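Inspection log for the structure reproduced underneath, given as C-alpha cells.
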Amino acid sequence: MFFLLHFSFFLKVFKNSNNKILLQEIYDFVFRQIELSIREVGYGDQSINKKMKDYLNLFYSMIGKIDNWHALNQSSKNSILIDFVDKKADIEYLVRYFDNYMKNLSNFTLNSYLKSVIKH
C-alpha cells in the first residue's frame, strides 16, 4: 500500500492550495484507476465494492494519522508507518524517506508536478 501512503502525503502537502477542484479530479482519477485495476484482475462487482471500501478506509486512516506528520517525533512516525507497511520493513528508513518526500513535495507547486502529466 505504498502507493496510498505516497498519495496521502501528496494530498496532505497540497490540500491547502487553491486547487481544490484539481485535487478532487486527481483523487477521482486515482481511485478510478484502482477500481479498474481490481476489475482487470477479475473480481466481480460485489468484490470490487468491498475492495474499494477497504482501500478507501485504509486511505482515510492514513490521511488522519499523517495529518500532523511534521510535528511528530521519530517514535510517533515509526508507530504510524508500522500500521501500514510490512512488519519486516526498515521503518526508520521509511520515516526518513517520507520526511524527504514531503520536503520535496513542498519545494514545488502542484502545477509543476502535473504539467508533464496532463496532456489529454
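Just so it is clear, none of the values below were taken in a lab; they were calculated from the coordinates. What you are looking at is a predicted structure, and each value in this text was computed from that prediction instead of being measured. Because the Cβ atoms are built from the backbone with ideal geometry, glycine has one as well, and the counts that use them run over all protein chains shown.
Can you tell me which of Q74, Q46, Q33 moves the most in a GNM of the chain? Springs connect C-alpha atoms under 10 Å apart.
Checking each option, the largest mean-square fluctuation is seen for Q46.
Label points 7 Å out from Cα along the Cβ direction at L114 and S75: separation in nm?
Distance between the two pseudo-spin positions: 4.1 nm.
What does the helix-only formula give at 222 nm for the chain: each DSSP H stretch with n ≥ 4 adding -39500 (n - 2.57), the total divided by the residues, and the result rounded to the nearest 500 deg cm²/dmol? Please list the in-between numbers first.
On the way: 6 runs with 87 residues, N = 120.
After summing the helix terms and dividing by the residues of the chain, the value is -23500 deg cm²/dmol.
Would you mind calculating the relative contact order of the chain from Cα pairs under 8 angstrom and at least 6 residues apart, reporting the percent as a whole number? It would help to have the intermediate numbers written out before the result.
On the way: 45 pairs, mean separation 43.5, N = 120.
Computed over the chain, the figure is 36 percent.
Roughly speaking, what is the centre-to-centre gap between region 32-46 and region 65-120 when only Cα atoms are used, to the nearest Å?
If you average the Cα positions of each part, the centres end up 27 Å apart.
Positive end of the charge dipole of the chain (Lys, Arg +1 and Asp, Glu -1 on Cβ, about the Cα centre): tell me which of I38, I91, F108 has its Cα farthest that way.
So the residue we want is F108.
Among L58, L105, L72, whose mean-square fluctuation peaks in a Gaussian network model of the chain (Cα, cutoff 10 Å)?
Comparing L58, L105, L72 in a Gaussian network model of the chain, the most mobile one is L72.
Rule-of-thumb check for region 20-82: C-alpha Rg over 2.2 N^0.38 Å? Before the final figure, lay out each step's value.
Numbers: Rg = 15.0 Å, N = 63, 2.2 N^0.38 = 10.6 Å.
With N residues counted in region 20-82, Rg over 2.2 N^0.38 Å equals 1.42.
Which entries of K20/K50; K77/K115; K50/K103; K20/K87 show an alpha-carbon separation above 30 angstrom in the structure shown? If you can, show how the numbers build up before the last one.
On the way: K20/K50 28 Å; K77/K115 32 Å; K50/K103 35 Å; K20/K87 35 Å.
With Cα atoms farther than 30 Å apart: K77/K115; K50/K103; K20/K87.
Over 20 Å apart: what share of the alpha carbon pairs of the chain falls there, rounded to a whole percent?
Details: 3523 of 7140 pairs.
Distances greater than 20 Å cover 49 percent of the Cα pairs.
Excluding I91 itself, what net charge comes from residues whose Cβ is under 13 Å from its Cβ, given Lys and Arg +1 and Asp and Glu -1? The partial results should precede the final answer.
Details: positive: K77, K87, K88, R96; negative: D83, D86, D90, E92, D99.
Its environment carries a net charge of -1.
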